[in-house]
Amino acid sequence: MADASGVLSVSPVIPVVTIDDPQDAVPLARALVDGGVKIIELTLRTDSALTSLKLIAEEVPDILVGAGTILTPAQADAAVQAGAKFLVSPGITPALLTSMLSLDVPVLPGVATVGEVLAVLEAGLEAMKFFPAGPAGGPPYLAAIGAPIPHVQFCPTGGISLATAPDYLKLPNVACVGGSWLTPADAVAAKDWGRITSLAGGAAALTR
C-alpha cells in the first residue's frame, strides 16, 4: 500500500495547491475535476490546510486528495485523519520515512540526490518525488539517474511550467510532474474557477 506508483498514473500533472481560505477548497477541487485532472496535492503550508483537505475529501469524491509538505510524523498522522489518500514530503529523514510508511496510504517521499533515492529504495518504494526539480538539475539530472537506477519512477516538482513539463514527461523514468501553475494565486483570489478548469484541461492533455 505504501508505494505510490498508482498515484503517479492518475494524471500527467499533479496540481500542487496551497489554499488560504477553506471556502475555496471544494470549488477549486471541482474546477480541476471539470478540466480532467482528478488528483490534487494540498500542501500543509497554512493553518487551515487540514480543514481544506477534509472538505475536499468529504465533498469531492471524484478527486484523489493527498497532503503535501509533510515535514513531521505528527503532520502525516493528522493528514491521514483528515482524509488524505496519499502523502508527499519535500525530503526525507529516517524517522519521517518510517512514520509515513506506518500509515495505510501511498507515500511519495521527496529526494534530490542519488543517496536519497537509494535510501528510499531500501525502504521498499520505487515511486518518488524529485524536488526541487529545476534547481536540483532538471531533466538532464533525472536522465542521468535513470541510467544506473532505471526502475525508479519520479514525479519531479518545483519550477515546472506547462512549457517545460514535456521535457520531463518524455523521460522514461518520469511518470508525471507536479505543478502549481494550474491554480494561480490570482485566479483563486478572484474565484475564477473557469480559468482553473481551462488550465487543468491543458495539463490533462499532456502526453507521457
At positive phi and at pLDDT 95 or above: is that true of GLY115 in this structure?
no
Top-ranked residue in region 125-140 [being part of a helix (DSSP H, G or I) and free of Cβ contacts under 8 Å to residues at least 40 places away in the same chain; ranked as nearest to GLY179 (Cα to Cα)]
GLY134
Starting from residues that are among the β-branched types (Val, Ile, Thr) and crowded, with 18+ Cβ neighbours inside 10 Å, keep the ones in region 89-143 and report whichever is nearest to ASP3 (Cα to Cα).
VAL107
Total residues in region 76-110, condition among the polar types (S, T, N, Q), within 21 Å of LEU55 (Cα to Cα) and touching a residue at least 40 places away in the same chain (Cβ under 8 Å)
0
Which residues, counting only those in region 86-122, are in contact with a helix residue (DSSP H, G or I) (Cβ under 6 Å, 6 or more places away or on another chain) and farther than 21 Å from GLY178 by Cβ?
SER99
Report, by residue number, each residue of region 43-54 that is of a type outside the set (A, V, I, L, M) and either in contact with a strand residue (DSSP E or B) (Cβ under 9 Å, 6 or more places away or on another chain) or surrounded by fewer than 18 Cβ atoms within 10 Å (Cβ to Cβ) (or both).
THR43, ARG45, THR46, ASP47, SER48, THR51, SER52
Tally, over region 144-175, of residues that are surrounded by 14 or more Cβ atoms within 10 Å (Cβ to Cβ) and over 21 Å from ARG45 (Cβ atoms):
17
Suppose we keep only residues that are farther than 20 Å from GLN23 by Cα and assigned to a strand (DSSP E or B) within region 43-88. Which one would you say is nearest to the chain's Cα centre (by Cα)?
VAL88
List every residue pair whose Cβ atoms sit under 9 Å apart, with the two residues 6 or more apart in sequence or on different chains, where the first one lies in region 174-189 and is touching a residue at least 12 places away in the same chain (Cβ under 8 Å) and aromatic (Phe, Trp, Tyr) and the second, anywhere, is buried (at least 17 other Cβ atoms within 10 Å of the Cβ) and in a loop (DSSP other than H, G, I, E, B).
TRP181/ILE160
Search result, residues across region 1-42 that are assigned to a helix (DSSP H, G or I), aliphatic (A, V, I, L, M) and surrounded by fewer than 20 Cβ atoms within 10 Å (Cβ to Cβ):
VAL26, VAL33
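The values are calculated or read from the model by the stated rules, or taken from the named source; none is laboratory data. All values derive from a computational prediction rather than experimental measurement. Note: ideal-geometry Cβ built from the backbone for every residue, glycine included; neighbour counts use all protein chains shown.
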